[in-house]
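K.L.:
The structure under discussion is supplied below as structure tokens; questions concerning it will follow.
The values are calculated or read from the model by the stated rules, or taken from the named source; none is laboratory data. The shown structure was predicted, so the numbers you read here are calculated from the model rather than taken from an experiment. With ideal geometry, Cβ positions are generated from the backbone for all residues, glycine too; neighbour counts draw on all protein chains shown. Each accessible area value is taken on the protein alone, full model and side chains, heavy atoms only, with ligands, DNA and RNA left out. Shrake-Rupley method; radii C 1.70, N 1.55, O 1.52, S 1.80 Å.
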Amino acid sequence: MFAKQSFWSKYGNLFIKGTLITLALAAVAVVIGSILGTVFALFKLSPNFLLKAVGNIYVEYVRGTPLLVQAFMVFFGTQVIGLNLSSFAAGALAMGLNSAAYVAEIIRSGINSVNYGQTEAARSLGLSKGKTMRFIILPQAIKNILPALGNEFVTVIKEGSVVSVIGVGELMFQTGVVQGASFKPFFPLLITSMIYFVLTFGISRALGYAEKRMARTGR
Ligand code: ARG
């Protein structure tokens, strides 16, 4: 019991737990962000003045305020309206709401990147507006959107460290625990940075590979 335990046997499980929560947080945030982001992108592209305004204001406001502030606002704001979310739920919601604004811009610019001549050609061949979007514009837009969405996932993994401030037990939070318990301020951070790097580098490599395959097969 009093034998000196190694750093790993004492704190290894905290790093593992933190990493798993970081990944879960990013996964939930990306799902929320992709769904809401698509909605806001469509709002921004809508001819309806009101929807367009809502889309623009949301995207500009979220991108123009720090995630740190948004995380606190979601955490305390949900309590004010009587919702008692766990810190994980509040953190994932804050990250998802934040990511939605960036995803909306990715999708909007992906759709805009398809030359307008494509729309004109499709329309003059007699395709309706909806069919032009579905069969001509979107298949081409997705090629520009998917890689950018992959980058967003990598960003969300890193930015998840911010919601440690509302007590989400992700990697950065656990690092603080280890720093305190081990009286070592630097070493745990070094481990954590390496874990983040392995995650983000691994994912961007995998995405780059998928991207190349897609370019080759044209699908
Ligand atoms: N660091 C940025 C901020 O504090 C958050 C960026 C989030 N980016 C993203 N692509 N989801 O506002």
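K.L.:
First compute the accessible area of the chain with a 1.4 Å probe, then give the percent of it belonging to carbon and sulfur atoms.
P.N.:
Summing carbon and sulfur atoms, their accessible area is 69 percent of the total for the chain.
K.L.:
Specify the angular offset, from 0 to 90 degrees and rounded to the nearest 10, of the alpha carbon long axis of helix 87-112 from the longest principal axis of the alpha carbons in the chain.
P.N.:
In the chain, helix 87-112 runs at an angle near 30 degrees to the longest axis.
K.L.:
From the backbone phi of the stretch 36-47, what are the Karplus-calculated ³J(HN,Hα) couplings (6.51 cos²θ - 1.76 cosθ + 1.60, θ = phi - 60°) in whole Hz, Gly and Pro given as x?
P.N.:
Karplus-based 3J(HN,Hα) across the stretch 36-47 equals 5, x, 5, 4, 5, 5, 5, 4, 5, 8, 5, x Hz.
K.L.:
How far is helix 49-63 tilted, in degrees, relative to the longest principal axis of the Cα atoms in the chain, given as a value from 0 to 90 rounded to the nearest 10?
P.N.:
30
K.L.:
Can you tell me the orientation of helix 138-159 relative to the chain, as the angle in degrees between its alpha-carbon axis and the longest Cα principal axis, to the nearest 10?
P.N.:
For 138-159 against the chain, the angle is about 20 degrees.
K.L.:
First select every other residue whose beta carbon is under 15 angstrom from the beta carbon of Y58; then total the charges, Lys and Arg +1, Asp and Glu -1.
P.N.:
+2
K.L.:
Another question, if that's okay. Treating cross-link reach as a plain straight distance, find the lysines whose alpha-carbon is under 22 Å from the alpha-carbon of K212, omitting any fewer than eight places away in the same chain.
P.N.:
K143
K.L.:
Taking the Cα centre of each part, how many Å lie between the stretch 136-192 and the stretch 1-72?
P.N.:
Cα centroid to Cα centroid, the span is 9 Å.
K.L.:
Please tell me the relative contact order of the chain in percent, rounded to the nearest whole number, where contacts are Cα pairs under 8 Å and at least six residues apart.
P.N.:
28
K.L.:
When the Karplus curve 6.51 cos²θ - 1.76 cosθ + 1.60 is applied with θ = phi - 60°, which whole-Hz ³J(HN,Hα) does each residue of the stretch 74-80 get, with x for Gly and Pro?
P.N.:
Residue by residue, the stretch 74-80 yields 5, 4, 7, x, 5, 6, 4 Hz.
K.L.:
Apply the Karplus curve 6.51 cos²θ - 1.76 cosθ + 1.60, θ = phi - 60°, to the phi angles in the stretch 171-186 and return the couplings in whole Hz, x for Gly and Pro.
P.N.:
Listing the rounded values in order: 4, 5, 5, 5, 4, x, 4, 5, 4, x, 6, 9, 6, 10, x, 9 Hz.
K.L.:
Continuing with the same structure: Provide the per residue accessible area, probe 1.4 Å, for the chain, rounded to a whole number of square angstrom.
P.N.:
Dividing the accessible area of the chain by its residue count gives 59 Å².
K.L.:
Can you show me the helix-derived [θ] at 222 nm for the chain, built from DSSP H runs with n ≥ 4 at -39,500 (n - 2.57) apiece and divided by the number of residues, rounded to the nearest 500.
P.N.:
Rounded to the nearest 500, the figure is -26500 deg cm²/dmol.
K.L.:
Sort 174-187, 119-132 by packing, meaning the average of other beta carbons within 10 Å per residue, with the highest value first.
P.N.:
174-187, 119-132
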